[in-house]
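The values are calculated or read from the model by the stated rules, or taken from the named source; none is laboratory data. Computed from a predicted structure; not experimentally measured. So basically every Cβ, Gly included, is an ideal-geometry build from the backbone, and we count neighbours across all protein chains shown. To get the accessible areas, we keep the full protein, side chains included, count just its heavy atoms, and leave off ligands, DNA and RNA. Shrake-Rupley method; radii C 1.70, N 1.55, O 1.52, S 1.80 Å.
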Amino acid sequence: MFLALERIILLGWEKFSRDKSSTWAALIVTAVVVFMFSSLLFLQGVSVFLLSRLENSVDVSVYFAQDASEEDILAFKERLLPVPEVKDAVYISKDKALEEFVALHKNDQFIVDALETIGTNPLLASLNILAKDPGQYPKIAQFLEQEAFSGIVERVDYKDRQNVIQRMEELTKGIRLVVLIVSVGLAFIAVLVAFNTIRLTIYNSRDEIEVMRLVGASNSFIQGPFVVQGIVVGVFGGLLTFLFLFFLSWFAGPRFESFLSGFNLFEYFTSHVFLFLALEFGVGIGLGVVSSVVAIQKYLRI
Amino acid sequence: MIKFEKVSKIYLFETEPQSRRPPKSVAVEGVSFEIQTGEFVSLVGRSGAGKTTLLKLLLAEEKPTAGQIYFGKENVHEIERAKIPNLRRKIGVVFQDYKLLSAKTAYENVAYVMAVMGAPNQVIESDVHDVLEIVGLSERGHHFPAQLSGGEKQRVAIARALIHRPEVIIADEPTGNLDPYNTHDIIQLLIKIHDLGTTVILATHNKEVINHLGKRVLTLEQGRLIRDEQRGKFIL
Ligand SMILES: Nc1ncnc2c1ncn2[C@@H]1O[C@H](COP(=O)(O)OP(=O)(O)O)[C@@H](O)[C@H]1O
Ligand SMILES: [Mg+2]
């Protein structure tokens with residue numbers, strides 16, 4: 001039993017190392033499929049990152065009346081935070097608002113002059129409120145516009161952006177769906193191509209399989225080496241892709257960072273390195289084993 | 001030890017609708033004979049007479065349309081699928097086109113048969129060495145089939161058929177692709193194997209070979225057994 005397993009493994013390795021043309025063909029298609037799946041992982045990472053950035057950039061701002069004191073505002077914030085839809089609220093004081101405003105318009109002489117003329121700080125203190133989910137902004141805005149707060153709240157800056165928020169929400173759902181469909185479609189095609197290539201290499205071995213049957217080899221002794229060859233191809237295909245992705249993301253990571261609004265491919269790769277390893281070897285070996293087992297069935301009739 | 005009882009084999013296949021050919025071909029029809037342990041039997045007949053089909057039926061590669069085939073006490077076509085390799089291990093086969101594994105060396109081709117049967121490595125090593133010596137190829141063990149001549153390839157094939165000491169050796173036109181010198185060598189080899197106690201079944205349409213052998217001859221014509229003679233001549 002053990003001897004047979006050892007022989008099957010040796011025969012499989014022999015196939016891998018001698019049958020150069022089919023090994024190369026299988027290796028290349030396996031690497032391509034693994035690469036496709038890895039790209040999906042990157043795509044997933046990028047889309048989650050970008051969408052969460054988009055979602056987080058949407059918010060509702062509450063501007064407080066000129067005469068509202070800081071204590072009142074902080075108390076208001078404390079009341080707001082326990083609301084289930086609210087993820088976070090950031091307090092921007094009058095001074096902070098002025099600072100940011102000046103920094104933003106420091107090159108605009110007209111505005112700088114106007115501020116100096118006024119002498120006092122015309123800006124209002126505000127809370128920037130972040131929802132857990134973009135769909136919840138209307139609810140939060142409703143909460144903020146209650147009569148009870150009318151004394152302290154000057155205005156809720158939400159209506160202006162309601163459209164943007166809603167469109168973004170639709171877009172988010174749409175993008176996710178399209179990405180999913182395209183990804184699954186491409187992955188499916190890649191698997192088909194790989195499967196057919198491997199099937200072809202086994203088809204080329206049909207005479208050999210016939211001879212093995214005639215000299216009394218059992219099915220497992222015939223099939224075993226092909227499966228081992230599939231595993232070895234999967235391991236090498238996975239490894240090849242892994243190394244390729246390492247260098248590719250290392251090269252492209254910093255160069256595409258600003259294009260991807262701060263998403264670094266290389267950081268993503270290194271922080272998810274085990275996920276990538278598992279995906280590459282899983283897909284590579286799985287493809288090799290499944291396609292060789294399925295393809296060889298046809299030639300195993302007695 | 002081998003017995004064919006009223007064996008027929010009809011191949012059915014698809015033809016185009018307008019084709020005149022019938023969608024079947026009768027390869028073997030009502031063939032009965034028996035072969036004893038230790039015999040040397042030649043199977044003679046024109047190309048298409050059904051020689052290969054008879055051998056395939058014995059190897060359980062094809063199923064008979066009618067009739068029974070026995071190997072020893074076993075009815076060949078009642079053997080379970082999983083046990084068929086065991087039947088084949090009792091029979092060594094040599095083909096006209098050698099059927100060597102092209103990706104393996106001569107040595108590995110022969111060793112493969114023993115590996116299949118689970119023989120220990122040391123036994124494989126010494127046996128393969130001995131058998132290659134018997135067929136006169138001890139120097140060529142590390143060569144791949146593509147590096148060997150036709151006669152050499154056929155001798156590797158015979159070594160492979162011999163290695164596991166089968167009870168029967170079947171040779172299906174083993175000299176069909178060889179020149180007279182190699183033909184002579186291969187036939188001498190088969191005679192030697194027979195003298196060592198193995199049953200040999202040789203299918204051929206080579207007149208000189210048959211007349212030279214002077215052993216039992218079964219003559220087939222269009223799938224029928226028309227002659228069975230103890231010291232047969234080639235008559236068609
Ligand atoms: N797989 C097959 N399908 C259809 N007909 C076949 C098949 N194999 C053999 N035959 C037919 O059976 C007959 C006998 O063939 P075969 O046994 O190969 O003859 P031989 O070996 O004596 O030359 C021939 O007429 C051949 O055409
Ligand atoms: Mg024939």
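Quick look at the values:
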{"item": "Verdict on residue A:22 being within 14 Å of chain B (Cβ to nearest Cβ), open to solvent by less than 40 Å² (accessible area, probe 1.4 Å) and either of a type in the set (Gly, Ala, Ser) or without any contact (Cβ under 8 Å) to a residue 60 or more places away in the chain (or both)", "result": "yes"}
{"item": "Residue satisfying condition, being crowded, with 21+ Cβ neighbours inside 10 Å, hydrophobic (A, V, I, L, M, F, W, C), assigned to a helix (DSSP H, G or I) and over 16 Å from the mean Cα position of the chain (by Cα), within set A:294, A:235, A:283", "result": "A:283"}
{"item": "Filtered residues of the stretch B:45-74 (kept if more than 8 Å from chain A (Cβ to nearest Cβ), away from ligand 2 (no atom under 16 Å from the Cβ) and open to solvent by less than 20 Å² (accessible area, probe 1.4 Å))", "result": "B:69, B:71"}
{"item": "Residue count, the stretch B:77-102 (criterion: more than 24 Å from residue B:182 (Cα to Cα) and either out of contact with any Gly (no Cβ under 9 Å at 6 or more places or on another chain) or within 16 Å of ligand 1 (Cβ to nearest atom) (or both))", "result": "7"}
{"item": "Residues located in the stretch B:64-89, provided they are in contact with a strand residue (DSSP E or B) (Cβ under 7 Å, 6 or more places away or on another chain) and assigned to a loop (DSSP other than H, G, I, E, B)", "result": "B:64, B:65"}
{"item": "Options A:89, A:141; residue that is surrounded by 14 or more Cβ atoms within 10 Å (Cβ to Cβ) and within 30 Å of residue A:267 (Cβ to Cβ)", "result": "A:89"}
{"item": "Residue list for the stretch A:246-302, filter: acidic (Asp, Glu) and at pLDDT 90 or above", "result": "A:280"}
{"item": "Boolean, residue A:108 is within 27 Å of residue A:139 (Cβ to Cβ) and in the same structural domain as residue A:123 (by TED's automatic domain parsing)", "result": "no"}
{"item": "Out of A:53, A:79, sole residue that is in contact (Cβ under 8 Å) with a residue 24 or more places away in the chain, away from chain B (no Cβ under 14 Å) and either of a type in the set (Gly, Ala, Ser) or part of a helix (DSSP H, G or I) (or both)", "result": "A:53"}
